[in-house]
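The values are calculated or read from the model by the stated rules, or taken from the named source; none is laboratory data. It should be emphasised that the depicted structure is a prediction, and the values quoted were computed from it without experimental measurement. For neighbour counting, all protein chains shown are included, and Cβ atoms are generated from backbone atoms with ideal geometry for every residue, glycine included. Heavy atoms of the whole protein, side chains included, go into the accessibility calculation; ligands, DNA and RNA do not. Shrake-Rupley method; radii C 1.70, N 1.55, O 1.52, S 1.80 Å.
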Amino acid sequence: MGSGRRSKLGSSKKKETQKKKKSKNEKEKDQTFLELPSDLLQLVISRLPLKDNIVASVVCKTWHKACVSLRVVDTSPWLVYFSKTDESFELYDPSMQKTYNLQFPDLSYFRVCYSKDGWLLMYNANTYQLLFFNPFTRDRIPVPPLWNAYDQITAFSCAPTSTSCVLFTVSYVSRNSITVKTCCVNAKEWNTYEFENRLPRNFNTFEQIVFSNGVFYCLTNTGCLSTFDPSLNSWNILPGRPPKRPGSNGCFMTEHQGDIFLIYMYRHMNPTVLKLDITSSTWTERKTLGGLTIYASGLSSESRAEQQKPSGIRNCLCLSVFHGFKRTCIWYKVDVESKICLKWKKQNPYENIWIVPPQNLLELPFV
């Protein structure tokens, strides 16, 4: 009798112990899932698309804080590829490695000239028509026609939705003079300015234009840097040239918060990164980008301060490449010796360009 009662009590205690153990294991499992270390949690969330980020933000207060902190961080630019055979645009998001295809039949004869603040400047060589185009919203803003812009490097200071937007181009260069043109968004015609040509005689073309510190910086193929101030309509040539090693097969120029960076590419050696000292007009080689990531393309490049992101994509030079029929990107770590530059070949600058996507990607119909 006593042994039977003890057996029942023992069985009951055993079940209760197993139940407690199971409950404890489930609790520990939930805690493991919900209480990830902050660095690991940020790493996971940083790889989520915006829609999944929003869903994850309602899990708990910790997740909400992590999701919101990464939701509107300096948005990485996307690549726009332009098809040679049809009217399609291909948008590539390197952070998520996703591709979106868009169709714009009425832009089949247009070619891209520049990109800034989420807008493309497009040109039709047959009609001389220029227009601003936003591929994300499909908005368009017309610009007065410009003859022969097909062979000119053209840039603009900020988004055309701003009243301070200025378009700029070096329209003609002769032995004795340089002619530049400017235009505001709502203007009906271009303004023309002519300056004495004081550049060395061995230069052929202007390769890069960057707007920073209120002026347009214009780089020639020989490394001479000129500036045009639209507020004063003045043209100046900066002394000195950036150090350029033999064998360069391309260059990129960009700006970040007033700093100007120049990247020279080479066929059989690593790229060199130079920074301009505005006060002394001298270039110094940089062994690190200080957390910046430079997204380089032939017509215009973008830069991002991504040192706060846990993804590890920082202090890098991002370049577009073709692997077979696949368009993608390669990342070159500036402070690490690498041979990745050998995979990059100079491309037609009009084939692709970087563009800044809107911060709220939920509004895009194709995402």
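Would you be able to say whether some residue in the stretch 199-206 is in contact with a Phe, Trp or Tyr (Cβ under 7 Å, 6 or more places away or on another chain) and closer than 12 Å to VAL173 by Cβ?
Within the stretch 199-206, not a single residue is in contact with a Phe, Trp or Tyr (Cβ under 7 Å, 6 or more places away or on another chain) and closer than 12 Å to VAL173 by Cβ.
If SER231 meets every condition in (1) closer than 19 Å to SER157 by Cβ; (2) in contact with a Ser or Thr (Cβ under 9 Å, 6 or more places away or on another chain) apart from one, which number is that one?
(2)
Could you pull out the residue among THR169, THR182, THR161, THR99 that is of a type in the set (Val, Ile, Thr), open to solvent by 20 Å² or more (accessible area, probe 1.4 Å) and part of a strand (DSSP E or B)?
Exactly one of THR169, THR182, THR161, THR99 is of a type in the set (Val, Ile, Thr), open to solvent by 20 Å² or more (accessible area, probe 1.4 Å) and part of a strand (DSSP E or B), namely THR99.
Can you find even one residue in the stretch 68-78 that is surrounded by fewer than 20 Cβ atoms within 10 Å (Cβ to Cβ), over 20 Å from VAL180 (Cα atoms), charged (D, E, K, R) and modelled with pLDDT of 85 or more?
No: the stretch 68-78 contains no residue that is surrounded by fewer than 20 Cβ atoms within 10 Å (Cβ to Cβ), over 20 Å from VAL180 (Cα atoms), charged (D, E, K, R) and modelled with pLDDT of 85 or more.
Could you list, in sequence order, the residues of the stretch 219-251 that are modelled with pLDDT under 95 and among the hydrophobic types (A, V, I, L, M, F, W, C)?
LEU219, CYS224, LEU225, ILE237, LEU238, CYS251
Among the listed residues THR254, THR227, which satisfies the condition of being at negative phi, within 24 Å of the chain's Cα centre (by Cα), free of Cβ contacts under 8 Å to residues at least 24 places away in the same chain and not in a loop (DSSP other than H, G, I, E, B)?
Residue meeting the stated conditions: THR227.
Within the stretch 261-282, how many residues turn out to be crowded, with 18+ Cβ neighbours inside 10 Å and more than 23 Å from the chain's Cα centre (by Cα)?
0
Within the stretch 170-179, is even one residue touching a Ser or Thr at 6+ places or on another chain (Cβ under 7 Å), at pLDDT below 90 and under 20 Å from MET122 (Cβ atoms)?
Yes: the stretch 170-179 contains one or more residues that are touching a Ser or Thr at 6+ places or on another chain (Cβ under 7 Å), at pLDDT below 90 and under 20 Å from MET122 (Cβ atoms).
So that you can scan it fast, the table gives a plain yes or no per residue for (1) under 25 Å from GLN347 (Cα atoms); (2) in a strand (DSSP E or B):
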| residue | (1), (2) |
| --- | --- |
| LYS188 | no, no |
| PHE195 | no, yes |
| LEU199 | no, no |
| ASN202 | yes, no |
| GLN208 | yes, yes |
| PHE216 | yes, yes |
| LEU219 | yes, yes |
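Can you tell me which residue is surrounded by the most Cβ atoms within 10 Å (Cβ to Cβ) among those in the stretch 210-238 that are of a type in the set (A, V, I, L, M) and under 14 Å from ASP259 (Cα atoms)?
VAL210
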